[in-house]
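Worksheet: one structure, shown below.
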Amino acid sequence: MTKFILILTTKNEENYADYFNKMVWEMENGLKEFDKEYIVVTEGNTDKTEEILRKNPKIKIIGDGIDEDLKTLPYFERLGFIRQKTLEYVRKKSFDFLILLDSDIFFNIFMIKKMISEMMENDLDVLTPNTLCFPYPVHYDSFAYRSVGSKKTFKKKDVTHELPSYFDNSKRVGYNREVDSSFGGLALYKRDVIMNKNVSYLKYYKKGEKVCEHVNLNKTIKEQGYKLYFSDNICPIWNNNWGLSERSEYTIEYFKNLFSTTSYKNFLIFLDILILISLLIIFRKYYILILISLLIIVGKFYIFL
C-alpha cells in the first residue's frame, strides 16, 4: 500500500491545531487506500496547541530538535534548521511520499488524492498546489515562489518575493507548471528526493539573509536533477474550469463562518460594485455581456458560500 507521511510544523497555533485534528480524522476516513502517518513538529508553545493536538491519538508530536544556541536566531532563519532536522528525522522512516504542511493552510483529502495521482501518473518529483492561507482566503506563496529563470523578484521589508503569474509560459505537464521554487505552505515530495542527502535546507543558508528556507532547499533539489512543479489546478476551492472543486467539510465550514461576518459581507459588496463600475467604464460597448458575466461569477461565489 502506498504510504505518505504528513509533517506539520507549528507553534502557538491553537486555532489551527483544532482544524488539523479534524482534518486528520477526515484523512483517516477518506483516504483508506493509503497508509498514513501524521507528525507534528512543535516546541515551546505558550498556548493550548500541544494540548489540543494530543487529543488525537493518530498524531505523533516531536520537538524541533535544534540546538539551544540556534533557538536565539530570528524565527525566519531558525525555520531552516528546524526543517533540516525534520528531513533527517523522516529519512529514517519508510514512506513513498512526504507532505510538508504549515499551520496556516487550507487543504482537503481531494487535494491530497489529486497531488499523489498527478505525481504518479506524470512521474513528478515535487508538486505544490495553489493553496489558500488560514484564516484568510489568499494565495501567499510569494516567499518561496520562483519562476524558471526567476527574473521577477522584488523585496519587501528586505525579504525577497515573487508573485506567481497565471500567464507564465514555462514548461507544463498538464496543469502543472515547472518552477525553480515553490511551497505555499503545502508540498508533496517523492521519496527519492527526500532520501538524497545532497538535498538540504542549509547548503545555501547565510546568517542574517532574509530568504525563504524553501528557496534554498529547492536550489539543491534542482541541482540534483529533480524538477519542481506548481499546480494551478489543485486548490481547496476552485478547479481549472472555474467550477467548484471537491472540498472538505471542515474547510468549507470555516469559509462559511469567515464570510458570514458583517465586515466580510460589506467588503464583498463593495468589491462587486467596484469591479462592475470599472468594467463598465473600460468596456462600455459590452455592458450587457459584462453584467451577465459578473452575475454568473458572483452567483457562483455566493452559491459556494
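Observations, loosely collected:
Each row is one residue, and each column tells you yes or no for (1) free of Cβ contacts under 8 Å to residues at least 60 places away in the same chain; (2) under 19 Å from L8 (Cα atoms).
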{"site": "V179", "(1), (2)": "yes, no"}
{"site": "F183", "(1), (2)": "no, yes"}
{"site": "V193", "(1), (2)": "no, yes"}
{"site": "N196", "(1), (2)": "yes, no"}
{"site": "L202", "(1), (2)": "no, no"}
{"site": "C212", "(1), (2)": "no, yes"}
{"site": "V215", "(1), (2)": "no, yes"}
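- Every residue from the range 43-95 that is more than 25 Å from F4 (Cα to Cα), surrounded by 13 or more Cβ atoms within 10 Å (Cβ to Cβ) and of a type in the set (D, E, K, R): D47, K48, K71, E77, R78
- Residues located in the range 160-198, provided they are modelled with pLDDT of 95 or more and either outside the structural domain of Y145 (by TED's automatic domain parsing) or more than 17 Å from the chain's Cα centre (by Cα) (or both): R191, D192, V193, I194, M195, N196, K197, N198
- In the range 208-254, the residues that are among the hydrophobic types (A, V, I, L, M, F, W, C), part of a helix (DSSP H, G or I) and either buried (at least 19 other Cβ atoms within 10 Å of the Cβ) or at pLDDT 95 or above (or both): V215, L217, I221
- Residue match in the range 65-88 (condition: closer than 24 Å to M195 by Cα, in a strand (DSSP E or B) and in the same structural domain as M119 (by TED's automatic domain parsing)): no
- Among all residues of the range 118-138, there is at least one that is assigned by TED's automatic domain parsing to the domain that holds E178, in contact with a helix residue (DSSP H, G or I) (Cβ under 7 Å, 6 or more places away or on another chain) and of a type in the set (F, W, Y).
- Residue, modelled with the lowest pLDDT, within the range 115-156, restricted to residues that are assigned to a strand (DSSP E or B) and within 18 Å of P236 (Cβ to Cβ): C133
- Residue that is farthest from L100 (Cα to Cα), among those in the range 37-50 that are out of contact with any helix residue (DSSP H, G or I) (no Cβ under 6 Å at 6 or more places or on another chain) and modelled with pLDDT of 95 or more: E37
- Flag for M1 being under 25 Å from D96 (Cβ atoms) and part of a loop (DSSP other than H, G, I, E, B): yes
The values are calculated or read from the model by the stated rules, or taken from the named source; none is laboratory data. What you see is a predicted model, and the numbers here were worked out from it, not measured in a lab. Please note: Cβ atoms are built from the backbone with ideal geometry, for glycine as well, and neighbour counts cover all protein chains shown.
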